[in-house]
Amino acid sequence: MNLQDRDWWIGLDGWVLQDGNYSDFATGERRQFALEFGYRRDRRLRTERSSAAPALSYTDRGATYQVTGQLIRSSAEPHKDGFVLDFGLLAYSHWIVLDDLRPPVAPGWLTGEIDLGVDPFFYIDELSRLPGMPALIYTWTVVEIQLDTNPGMRVEHGHPLYAGPDEGARFVRDPRLESWRTIDQTRMWDDDGSYRLRCRLEDLEPTGSMRATGTSSPYGPLDATSP
């Protein structure tokens, strides 16, 4: 796979910007960030035979990919470490459970659908400091930005789209009504919703740290001469 020739759709929740780790994103910028991955409860990842090879394909939905990857790091307890999956790119998750509700153990192979997202802060602030944690921060060029205009739906705890502990009813995006609007840049305080970024991977090795580019929003665009 020539990953440098591939454009990737990567999700970005509005709260990640409002939390202050990144400045707004604009098309044409060079940015650095790690990838977090998630999955739907009704589509949990499955173990794959050890003779598998990394594979991926875009599902034409959101930032969702069908992947087969090698689990190279795992965790015995939620939020104490991270799971790192290698499907040609490296991405992490704080917690994974399979169909038997047990976490997978590295080394091993997993297959299924995952959603890719910009690392909120877990890798930047926490996981990158753990001994043996691989470098996960890639350099990207932002090619396109789309705002999620899905009207959403109300779900209760136990619904397949409800993530996390029971905290009452939530509004989530209805996967049957996916819709997007292309914009030039994100607006962290004006847009009520989430985004997806179409990003082109640059031909640079991943790193374990990011260079701060500002004070109010520490991680912003790289200048043209930045490595």
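The values are calculated or read from the model by the stated rules, or taken from the named source; none is laboratory data. It should be emphasised that the depicted structure is a prediction, and the values quoted were computed from it without experimental measurement. When we count neighbours, we look across all protein chains shown, and the Cβ atoms used for this are built from the backbone with ideal geometry, even at glycine.
List the number of the failed condition for SER194; all other conditions in (1) modelled with pLDDT of 95 or more; (2) surrounded by 14 or more Cβ atoms within 10 Å (Cβ to Cβ) hold.
(1)
Identify, from the list ARG73, ARG40, ARG31, ARG46, the residue that is of a type in the set (Lys, Arg) and under 14 Å from the mean Cα position of the chain (by Cα).
ARG40
Just give me the residues in the stretch 158-184 being surrounded by 13 or more Cβ atoms within 10 Å (Cβ to Cβ) and not β-branched (Val, Ile, Thr), in sequence order. Write out each step before concluding.
Of the stretch 158-184, the ones surrounded by 13 or more Cβ atoms within 10 Å (Cβ to Cβ) are 159, 161-163, 170, 172-175, 178, 180, 183.
Residues satisfying the conditions are HIS159, LEU161, TYR162, ALA163, ARG170, ARG173, ASP174, PRO175, GLU178, TRP180.
With the condition kept exactly as written, say whether any residue in the stretch 195-203 is without any contact (Cβ under 8 Å) to a residue 40 or more places away in the chain and in a loop (DSSP other than H, G, I, E, B).
Scanning the stretch 195-203 turns up no residue that is without any contact (Cβ under 8 Å) to a residue 40 or more places away in the chain and in a loop (DSSP other than H, G, I, E, B).
May I ask you to verify whether HIS79 is more than 24 Å from GLY62 (Cα to Cα) and at pLDDT below 90? Can you show your working first?
Numbers: more than 24 Å from GLY62 (Cα to Cα): yes; at pLDDT below 90: yes.
Against the criterion (more than 24 Å from GLY62 (Cα to Cα) and at pLDDT below 90), HIS79 qualifies.
List the residue pairs whose Cβ atoms are under 6 Å apart, where the first residue sits in the stretch 166-187 and is in contact (Cβ under 8 Å) with a residue 24 or more places away in the chain, the second is surrounded by 12 or more Cβ atoms within 10 Å (Cβ to Cβ) and in a strand (DSSP E or B), and the two are 6 or more positions apart or on different chains.
Pairs found: ASP174/MET153; TRP180/GLN146; ARG181/LEU147; THR182/GLN146; ILE183/ILE145; ILE183/LEU147; GLN185/ALA26; THR186/TYR195.
Looking for whichever is farther than 20 Å from VAL142 by Cβ, in contact (Cβ under 8 Å) with a residue 60 or more places away in the chain and acidic (Asp, Glu) here; the options are GLU29, GLU48. Which one fits? Outline the logic, then answer.
Values: GLU29 fails: farther than 20 Å from VAL142 by Cβ.
The unique qualifying residue is GLU48.
Name the residue that is farthest from THR64 (Cα to Cα), counting only residues in the stretch 172-190 that are under 20 Å from the mean Cα position of the chain (by Cα) and at pLDDT below 80.
Ranking the qualifying residues of the stretch 172-190, first place goes to VAL172.
Take the stretch 197-222 and flag every residue that is among the hydrophobic types (A, V, I, L, M, F, W, C), at pLDDT 75 or above and either at positive phi or touching a Phe, Trp or Tyr at 6+ places or on another chain (Cβ under 9 Å) (or both).
Residues satisfying the conditions are LEU197, CYS199, LEU201, LEU204, MET210.
Since THR225 meets every condition but one in (1) modelled with pLDDT under 90; (2) in contact with a Ser or Thr (Cβ under 7 Å, 6 or more places away or on another chain), which condition does it not meet?
(2)
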